[in-house]
Structures are given as structure tokens and as C-alpha cells.
Amino acid sequence: MAEKLYREIITKAVCGKGKKFSQSAHTVTPMHKPSNILGCWVINHKYKTQYQKDAVIVEGTYDINAWYSFSNNTRTEVVCETVGYRDRVPLSLRDKQVVSEQMDVSCRPLQEPNCLEAKISPNGNKIVAQVEREFLVEVIGETKVKVQVEDDGLIAAEEEIEEDDDELEKELAGLDSDFVNDVGTEEE
């Protein structure tokens, strides 16, 4: 039985993964004292990531738009405020064979920021929006992997090279000798 051969290969691969679900309460200040909340939605989500040893920091902003009535429900208005957040996503899966400090981060929202509930604050002059979001992060870096090499495959490759050399020599032997000699010389 042939001995199993292994080789180490350095390749880019996912070296860490993490997922985090978050909820935040954001306060929006309308121009008028609200009577009722008619609707609330989140738009214009933007974020960036930063890799740390055991986590990925996701920082971003989004606009909260709250539609409300005022003046005893006789008038309506939409208030829009941009709010920020910072989520620390811990890496639950980490590769210990990482060979480089240079890492790329792939981040995608599993749940885009979404307003769960909007209500009038206890003092009656602000709107509190409850927002949820969820991110999946993957850290990509250079790592070492071992692969099994088939011993027969190496021998077969060497035999193919030898066969190609033999065929080339036969073809050259069959050519006109004057033609072969002229190809390798330059006229002065």
C-alpha cells in the first residue's frame, strides 16, 4: 500500500464568522407635540466595518422617518432624523492556522434596520422608535490547509512528460536536416 503524502497550501479562506441581532431605541424630536403616531420607517442605511482580533465592529447610520399627527389630530407631518449605531459582532468561529495579519471583512445584513414600534415618549413631546437589525460577518485571510496528494498522480505526470519528450524527438528526427539547422541560425 502506498504511503499517503500531504502538502501544505496557503490560501485565502474564511477564517472567522459571527452573527449578531440588535435592537435600539432612538428618540426623534418633531417640530410639534405629537398627538398620534401614524407610521414609522427606516431608510438610507449605510455602514462600514473594522476588524479586531476577536470581533468585527459594524458602525453605521440610517434615517428614521416618523409620520405623526398634531394639534389634536387635525394636522400631520413627517419628521426625519439620521441616527447612528455601533455593533460589536463577536467571532464565534475562528481559524487558528491564520498566517497573515491582513484580513478582509465581508459583512451583510441578515435583517436590514426595521422599525418594530414607534410611540410617543412619556413626556409627550418626542417619538421613540424601536429598531431591529442583524448582521452576518465573515473574516477572510490567508490560512494553511493540508491536502492529500496521490502518489500515483505524481508518477503519471512524470511519465507524460517523458512521453512528450520522446514524441518531440521523433518529430524532429523526421524533419529535413537542412530545415532544422536553418531554424537555429541568423543571417548576418
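Take the residues of region 25-61 that are of a type in the set (Gly, Ala, Ser) and more than 21 Å from Arg86 (Cα to Cα): which is surrounded by the fewest Cβ atoms within 10 Å (Cβ to Cβ)?
Gly39
Could you say whether any residue in region 153-160 is in a strand (DSSP E or B) and modelled with pLDDT under 95?
Checking region 153-160: not a single residue is in a strand (DSSP E or B) and modelled with pLDDT under 95.
Name the residue that is farthest from Glu138 (Cα to Cα), counting only residues in region 1-24 that are exposed (fewer than 13 other Cβ atoms within 10 Å of the Cβ) and among the hydrophobic types (A, V, I, L, M, F, W, C).
Met1
Residues Ala66, Ala55: which one is in contact with a strand residue (DSSP E or B) (Cβ under 7 Å, 6 or more places away or on another chain) and within 21 Å of Gly141 (Cα to Cα)?
The conditions single out Ala55.
I'd like to know if region 12-29 contains one or more residues that are aliphatic (A, V, I, L, M) and under 21 Å from Gly124 (Cβ atoms).
Within region 12-29, one or more residues are aliphatic (A, V, I, L, M) and under 21 Å from Gly124 (Cβ atoms).
Is it the case that some residue within region 74-84 is in contact with a Lys or Arg (Cβ under 8 Å, 6 or more places away or on another chain), closer than 30 Å to Ile120 by Cα, of a type in the set (Asp, Glu) and outside any loop (DSSP other than H, G, I, E, B)?
The answer is no, given that none of the residues of region 74-84 is in contact with a Lys or Arg (Cβ under 8 Å, 6 or more places away or on another chain), closer than 30 Å to Ile120 by Cα, of a type in the set (Asp, Glu) and outside any loop (DSSP other than H, G, I, E, B).
For region 17-27, does any single residue satisfy the condition of being in contact with a strand residue (DSSP E or B) (Cβ under 7 Å, 6 or more places away or on another chain), in contact (Cβ under 8 Å) with a residue 60 or more places away in the chain and of a type in the set (Val, Ile, Thr)?
yes
To keep it simple, each residue is scored yes or no on (1) within 20 Å of the chain's Cα centre (by Cα); (2) in a strand (DSSP E or B); (3) modelled with pLDDT of 95 or more.
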{"site": "Ala2", "(1), (2), (3)": "no, no, no"}
{"site": "Tyr6", "(1), (2), (3)": "no, yes, no"}
{"site": "Cys15", "(1), (2), (3)": "yes, yes, no"}
{"site": "Gln23", "(1), (2), (3)": "no, yes, yes"}
{"site": "Leu38", "(1), (2), (3)": "no, yes, yes"}
{"site": "Tyr51", "(1), (2), (3)": "yes, yes, no"}
{"site": "Ile57", "(1), (2), (3)": "yes, yes, yes"}
{"site": "Asn65", "(1), (2), (3)": "no, yes, yes"}
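The values are calculated or read from the model by the stated rules, or taken from the named source; none is laboratory data. As the structure is a prediction and not an experimental result, all values here were calculated from the model. No Cβ is skipped: glycine too gets one built from the backbone with ideal geometry, and neighbour counts run over all protein chains shown.
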